[in-house]
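Engineer: This is the structure I want to talk about, given as structure tokens.
The values are calculated or read from the model by the stated rules, or taken from the named source; none is laboratory data. From a predicted model like this one, the values you see are computed outputs, not experimental measurements. Neighbour counts run over all protein chains shown; Cβ positions are idealised from the backbone, glycine included. We work out accessible area using only protein heavy atoms, side chains counted, and drop any ligands, DNA or RNA first. Shrake-Rupley method; radii C 1.70, N 1.55, O 1.52, S 1.80 Å.
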Amino acid sequence: RDCAVFETTFPPCPRIAAAMSAGARRCRRHASSLLLAAGAIRLATSEPPPTHSTGRTGGKIPTMPWQEGPWQYNIRVPGASTGPTRTLYPPGSGVRVLTGEVLVSHLDADPGSWHFLELYDHMCPHCWFAVPIVTALAKGFRDTDKVEIMSLNCHVQENQEACFFLEVIAGAVDFPTFLMCAPADGKHVEETLEALPSDAQNLYPRLRPEQKQFFLHLTRCRLRFIEPSVPEGKEDELLSAKPIAAWISHQVREYPPHPEALTAGADFARMSRPDPRAPPGRPGWLRDDIPGEPGMQAWVPGQRWYDALIGYLQVISIGYRAAHHDDVIATADFLSKAFPVKGHAFRNLAERFRNIGPQHDPAVVRQMIRGWTTDSSLPDPGGASYLTCSVDTCAMWTLLHVAVAAVAARGVTGEPL
């Protein structure tokens, strides 16, 4: 389906930034991408949009030869009404893979137990390094019924509402975030809401009745792990399973039965620092490292444009928050002038955002975007796959390159794209 859209939409012509700081410990949600993009977009000129050409041109997930991060898996979650869900945790890891609806059903069916919950994004590099840590926690706490180790991938569409609710309930604005879901306390709704942050209290009255019930179940998961403070200059940059296990033990009043498993974690021991004066070494994450076969496809510009566009839609679909509404409009307005194709569609997207105004429920925005993609002959970003990229970061860098090159080409030639 994606290829069919590509063939009818993107012509084979020659080939806004959302990069996080390289020193950041964790991945901020996509809202930070919108802020960075908006800063660049303020520089955009007010010239009329150019005329655009629309001529023709249960197991591991297969990866491209150049693939960042660990393996990903499609797992069917018992009780889920959707199909298989994408996860970083394979069957047999000891980490229970959930969807949002199954998480709520699980909490409802087991009101007297503690549950450890990792919120992550399978495209977040910091989450890749957390995989062995969370797996070590599952091994350390196996053979006990006091706590269960669970995970929820906030990138996939079926989990986005649960992750948004946990963002306002527990302040889960970073990936990965580690939460504890406490046993149900039996308090009335009013008492429960009074204990929540003001954003959560303000959101609750705006929800539909079925959303309110979903929201209230998730209020059990409002204890968030914060790394213990240490003297300045003594920080441990390499997070391990031990401090998280100690935090879990403090909550559930039980030590892990298998503490020897907690020594495992992301393997930083064999790191080597590259010497800029040395000859080139093997290329990065290249898995198809066969002599004479570099393993990289020669992508055509239209495929790059497709990924840049889908990456942008992913960012606003997942990362939209009411506080960034004007930034979304600014990015769509800018792309209507700068992107090589779909100028009229981007202008229409900006107008639709103006019409609906700031939305406190991101689900309303996702529904609006789905309608816009249908009208614009584009795939729903929630189900679309990249052609040249494997993660959103790559797609957003591609968007930066495409937009800058397109603006430069117009400036040099004095001609519309």
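Engineer: What accessible area per residue, rounded to a whole number of Å², is obtained for segment 174-234 using a probe radius of 1.4 Å?
Structural biologist: Per-residue value: 59 Å².
Engineer: Calculate the FRET efficiency for Q157 and E210 from the Cβ-Cβ distance with a Förster distance of 22 Å, rounded to the nearest 0.05.
Structural biologist: About 0.80, to the nearest 0.05.
Engineer: In a shell of Cβ-Cβ distance under 9 Å around Y73, excluding Y73 itself, what net charge do Lys and Arg (+1) and Asp and Glu (-1) give?
Structural biologist: Cβ neighbours under 9 Å give a net charge of +2.
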